[in-house]
Structures are given as C-alpha cells and as structure tokens.
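Got a structure for you, questions after.
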Amino acid sequence: MRPGSAPPVRWRFLLLALGGMAMVAALWGGLARMGVLGSVPRPTWGADHGPLMVGAFLGTVIGLERAVALGRPWTYLGPASTGLAGVLVLAGGPPLLAQALLLLGSLVLLAVFRQILALHSALHTWTMAGGALFWAVGNGLWLGGLPTARVVWWWVGFLVLTIAGERLELSRLLRLPPWARWTFAAAMGWMALGTFAVTLEPTGGGRAVGLGLVAVALWLLRYDIAWRRLGAGEPARFAALCLLGGYIWLLVGGLLALGYGSPAGGPRYDAMLHAVFVGFVFAMILAHAPIILPGVVGIAVPFRSTAYLPLALLHLSLALRVVGDLGGGPRLRAWGGILNTLALLLFVLHTAWAAQGHRDAVFR
C-alpha cells in the first residue's frame, strides 16, 4: 500500500461500524420474521434481512478489506456505498436507492478485482473475482425486481467463491497436485452453472447448486490447510476448528439444496440458507477476525480461550434451528434462531473485550 493512499483509520472504523449496524438490524429483523419479536422499528429490517446481512454487512466488510489491500482511494467508494445502503434500510429510506447503492458497491468490488487480476492472475484471484461478479449480478437482478428467493443463490455464490478463493490461496503452501486444482475449478464451474440455472428453474437449478456446494465442501475438507493447523497450538487450532466446522455446514447446506432444490420460502429454505450463511460464513468470520481487524482498522485481537464459547453456541444453535426446520417443530426452530443471534452478539462482545488495550490506533 502506498503511504498516504488510505483514509485515516478512524474513517475505516466508521465504515466497519456501519456494517456492524446493518448486522444488528438484520439479526433483529430475522427474529421478527420468525415471530420471536413482535415488531421492529422499520418493516424493512425484516423484509430485507438477507440483503442487510449479505450486502450491507458482509459486502461492506469484504469491500473494506479489499480496499485496504489494494490501497487506492477510489476503492473505498465500494464499502461506503454498501454501508450507506444499510443506513437507508435502517432509516426506512427509498428501497430502490438502497438497492442501487448495493449494486454500485458490488461493481466497485468488481473493478477492484480487475486491478488485482492485472497485478496477479491466478486461479484463486479469478475465483474471488468470480465471487464479486456473482454479487454484482445478484444485486442487478434484485434491483430489476427478481424475488429474493431467486437472487439469494447469487449471493451464496459471492460468499462461497470469495472464501474458497482465499482458502485456495493459502493451500498453495501444501503444493497441491495439478489435478486437485482442476477438481477445484470444476466444482466452482458446476456451482456457477447451477446458479445460472436456478434463476430460470428453481428446483433443478437448486439441486445443481447443491451438488456444486457439496463438491466445494468436500474439496475444502480434503485439501484445506486447516487439518495441518490442528496441532499447531492456539490460536491456530481455534481457527482450524472454525474452518472445519464451517466446511461441514457448507456440506449440510449443499445436501439440503441437492435434496429439496430451491423452495421459495418455508422451513427447508430457512435450513439450507442458514446452514451456509450462519454455519459456513460466520464460522469463517470467527476464524479470520483476529487477522482482518489489525490490517483494516489497526485493532489487535489477542486470542482468549473463551473464544470457544461463541463458536460452540453457534454450532449448537444452528443444529437446533436446522432440526426444527426439518421436522422438530417451530419452538425448536425459534430457540435455534434466538441462540443464533446470541452467539453472533457474543462473538462481537468477546472480540471487543479481547481487544481492550489494543484500540488506540482507531482514535489517532
């Protein structure tokens, strides 16, 4: 990164805080949708639960991380746009403007990856660039009026391709055989074809996406470097357990999609999506937060053994939720949703507690 090219840390912290606000609103809205809470301050918090979580929170965090890595001022337009979109949803602003801002943020991320590919063209960078493309296409379809149930698989592809590309980059340390890279590319390609298909035909396309997710999960379980880190001591062991647990949830989500296709809503829809978004994606966040925060906002997060508490609660609560979705009953599903929320909030509070005494850079 060139000196002076990035905004002050406090402004990057502000963008991260906007993403965090969107996450809290999405969690609140998700509980209201499940009937756990009677109401929310704005109806959009519940109606746009998914876009808030994927676009305004995760999109802002990923866009901010890439902007810091590339170190060019224009790249911060992406996370600023998605963060502002979240503010509009929270305030009940014009929906089309919020959707347009999310689309703008994803297009900026796509432009960021164009620069990254010019600097370093490799399978892992192309995979992550494909994730950015999926996000942009999904946001464009959503702005064009396609229902969320059809668009959501593009958002799934965004996150799965982004994370899988990052893990492939780290797996270079293992010197994978050439055919392992070919199977990785084939799994990604199949998932991409399924995502195109699900937009037109939900059942068959959803099953194709499911098969792709299963293939990606099995590849990660077989080749990811996390297995080598289990014996490396803390915090490497904690991160490895987060990753491996996340891959298992990705496998569960893929198997559910393979069996049920892409229903337009209901318990099965809830189970397959939250297996991916909560079980897989948030497990990755728990693993990578101590790495991302120092680079993005200058906050060191020393490892504490109590980090296992939110991780255990995340897996337990999601298991309750999925079992409730698949026949255990609405009460079990509701408790799973409540404990999901508590697990994520506990993670945020634990991270803030662990970072005490290491936050001076934010306020310089």
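Quick one: T195 ticks every box in (1) touching a Lys or Arg at 6+ places or on another chain (Cβ under 6 Å); (2) of a type in the set (V, I, T); (3) closer than 16 Å to G254 by Cβ except a single one, so which number is it?
(1)
Does A197 satisfy being outside the structural domain of L52 (by TED's automatic domain parsing), surrounded by fewer than 22 Cβ atoms within 10 Å (Cβ to Cβ) and under 25 Å from P51 (Cα atoms)?
Here the answer is yes, as A197 does meet what is asked.
Right, next: For segment 179-209, enumerate the residues that are outside any helix (DSSP H, G or I) and touching a residue at least 60 places away in the same chain (Cβ under 8 Å).
Listed by number, the list is empty, since nothing qualifies.
Out of curiosity, is W154 under 15 Å from the mean Cα position of the chain (by Cα) and in the same structural domain as R228 (by TED's automatic domain parsing)?
So W154 fits the description; yes.
Kindly establish whether V108 is out of contact with any Asp or Glu (no Cβ under 8 Å at 6 or more places or on another chain), crowded, with 22+ Cβ neighbours inside 10 Å, modelled with pLDDT under 95 and of a type outside the set (G, A, S).
For V108, the condition - out of contact with any Asp or Glu (no Cβ under 8 Å at 6 or more places or on another chain), crowded, with 22+ Cβ neighbours inside 10 Å, modelled with pLDDT under 95 and of a type outside the set (G, A, S) - is not met.
With the requirement that a residue be of a type in the set (K, R) and at pLDDT 85 or above, what does segment 333-364 give you?
Once the filter is applied, which keeps residues that are of a type in the set (K, R) and at pLDDT 85 or above, segment 333-364 yields only R333.
Output the qualifying pairs, or none if there are none: Cβ atoms under 6 angstrom, residues six or more apart or on different chains, first residue in segment 337-364 and more than 24 Å from L314 (Cβ to Cβ), second residue at pLDDT 85 or above.
V362/F13
Condition check ((1) of a type in the set (A, V, I, L, M); (2) within 23 Å of L243 (Cβ to Cβ)) across all residues:
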{"site": "A111", "(1), (2)": "yes, no"}
{"site": "H120", "(1), (2)": "no, no"}
{"site": "T125", "(1), (2)": "no, yes"}
{"site": "A129", "(1), (2)": "yes, yes"}
{"site": "F134", "(1), (2)": "no, yes"}
{"site": "L146", "(1), (2)": "yes, no"}
{"site": "W155", "(1), (2)": "no, yes"}
{"site": "F158", "(1), (2)": "no, yes"}
{"site": "A164", "(1), (2)": "yes, yes"}
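Could you identify the single residue in R167, R114 that is assigned to a helix (DSSP H, G or I), in the same structural domain as A56 (by TED's automatic domain parsing), out of contact with any Ser or Thr (no Cβ under 9 Å at 6 or more places or on another chain) and of a type in the set (D, E, K, R)?
The conditions single out R114.
Oh, and also: Among the numbered conditions (1) in a helix (DSSP H, G or I); (2) more than 28 Å from F347 (Cβ to Cβ), tell me where V216 comes up short.
(2)
The values are calculated or read from the model by the stated rules, or taken from the named source; none is laboratory data. Computed from a predicted structure; not experimentally measured. Positions of Cβ are generated from backbone atoms using ideal geometry, with glycine treated the same way; all protein chains shown enter the neighbour counts.
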